[in-house]
Amino acid sequence: QVLLVESGGGVVQPGRSLRLSCAASGFTFNYSAMHWVRQAPGKGLEWVASISYDGTYKYYADSVKGRFTISRDNSKNALYVQMNSLRPEDTAVYHCARQQYYYGSGDAFNIWGQGTMVTVSS
Amino acid sequence: EIVLTQSPGTLSLSPGERATLSCRASQSVGSSYLAWYQHKPGQAPTLLFYGASIRATGIPDRFSGSGSGTDFTLTISRLEPDDFAVYYCQLYNRSPPVYTFGQGTKLEIK
């Protein structure tokens, strides 16, 4: 069964840190680029960060650049995001997603997790 | 930076009706880089279309995607109760790699 399961969410004070994890199963994780996407309460989806299949390339949204670090452990089929200097505006459900390349037809996120909630509040 | 604008913000329709959702880009984009997703509260989003018009695995044929350049459309020919959700378009820009979502269209039961 193809599955992505996020964990590590919770309530944290502004300025503190949190690490989210995403466990993958049922597909070739070590061949897949992966992403974090978040949804703040009452808002739409926002792409947060991406990492290439081997961890070489990492990209971030401007809103989290310098504060968040995406990483992966292919031996464990796991994706992570280290979130430092958290702000109230980082409050959101965080989803991990797998990028699928469709030859000649572009890319899209074809597998998603249900998400884990992060609340930044004093 | 390319901005995606979806309209309408909310669409109120009844089961059996036809739904037409719009996604407009601030500048011309290749259709290969446009995707559509369905998202229900508390669930994982579901990929509907990639390449603007290619249906993802398991998506019923009452859903169709079309468009090119700056204007893209998601059409649901005959709404079923399970179709009421929020729909997002997404643009993938290769250089630099940025994945922009539209603000979403909420499809609600009238």
Subject >> Long-range HN-HN contacts of A:Y53 with modeled amide H, under 5 Å >> reply: A:A33
**OP:** Would you mind getting the accessible area per residue of the protein assembly as shown, heavy atoms of the protein chains only, 1.4 Å probe, in Å²?
**Re:** 46 Å²
Original post:
According to a simple spin-label model (label point 7 Å from Cα along Cα-to-Cβ), what is the distance in nm between A:K76 and A:Q114?
Top reply: 2.2 nm
**OP:** State the percentage of accessible surface on chain A attributable to carbon and sulfur atoms; use a 1.4 Å probe and exclude ligands, DNA and RNA.
**Re:** 47 percent
Original post:
How many Cβ atoms of partner chains, on average, are near each residue of A:97-104 if near means within 10 Å of its Cβ?
Top reply: 3
Original post:
Per-residue HN-Hα couplings for the stretch A:102-118, Karplus 6.51 cos²θ - 1.76 cosθ + 1.60 at θ = phi - 60°, whole Hz, x for Gly and Pro?
Top reply: 9, 3, x, 10, x, 10, 6, 9, 9, 9, 10, x, 6, x, 10, 8, 10
Original post:
When the accessible area of chain B is computed with all protein chains present and a 1.4 Å probe, what percentage of it is carbon and sulfur?
Top reply: 46 percent
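Which value results for Rg/Rh of chain B when Rg is the Cα radius of gyration and Rh the Kirkwood radius based on the inverse mean 1/r? Before the final figure, lay out each step's value.
Working: Rg = 13.2 Å, Rh = 13.9 Å.
Result: Rg/Rh = 0.95.
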Subject >> Virtual paramagnetic centre 7 Å along Cα→Cβ of B:R78, amide N under 18 Å, in the stretch B:1-18 >> reply: B:13-18
Original post:
Taking both sides together, what accessible area is buried at the A/B interface, probe 1.4 Å, expressed in Å² and rounded to the nearest 100?
Top reply: 1800 Å²
Original post:
Which residues of the stretch B:43-92 end up with at least 30 Å² less accessible area in the presence of all protein chains than when their chain stands alone, using a 1.4 Å probe?
Top reply: B:A44, B:P45, B:L47, B:Y50, B:Y88, B:Y92
Subject >> Other protein chain Cβ atoms within 10 Å, averaged over every residue that makes up A:40-48 >> reply: 4
**OP:** Starting from 0 in steps of 5 Å, tell me what percent of the Cα-Cα pairs of chain A lands in each bin.
**Re:** 2, 12, 23, 25, 19, 11, 6, 2, 0, 0
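Set the Förster distance to 30 Å, then compute FRET efficiency between B:E1 and A:N84 from the Cβ-Cβ distance, nearest 0.05. Can you show the working numbers first?
On the way: r = 25 Å, r/R0 = 0.84.
Plugging the Cβ-Cβ distance into 1/(1 + (r/R0)^6) gives 0.75.
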Original post:
Can you tell me the Rg and the Dmax, both Å, for the Cα atoms in the protein assembly as shown?
Top reply: 17.3, 50
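Please state the relative contact order of chain A as a whole percent: Cα pairs under 8 Å, 6+ residues apart?
Values: 301 pairs, mean separation 42.4, N = 122.
Computed over chain A, the figure is 35 percent.
Could you calculate the FRET efficiency of B:T57 with A:A23 from 1/(1 + (r/R0)^6), where r is the beta carbon distance between them and R0 is 30 Å, rounded to 0.05?
Values: r = 22 Å, r/R0 = 0.74.
Efficiency at R0 = 30 Å is approximately 0.85.
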Original post:
Short version: ³J(HN,Hα) in whole Hz for each residue of the stretch A:18-27, in order, from phi by Karplus 6.51 cos²θ - 1.76 cosθ + 1.60 (θ = phi - 60°), x for Gly and Pro, what are they?
Top reply: 8, 10, 9, 10, 9, 9, 10, 7, x, 8
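The values are calculated or read from the model by the stated rules, or taken from the named source; none is laboratory data. This structure is a prediction, so every number in the text was calculated from the model and none was measured. Cβ: placed from backbone, ideal geometry, glycine included. Neighbour counts: every protein chain shown. What goes into the accessible areas is simple: the full protein's heavy atoms, side chains included, and nothing from ligands, DNA or RNA. Shrake-Rupley method; radii C 1.70, N 1.55, O 1.52, S 1.80 Å.
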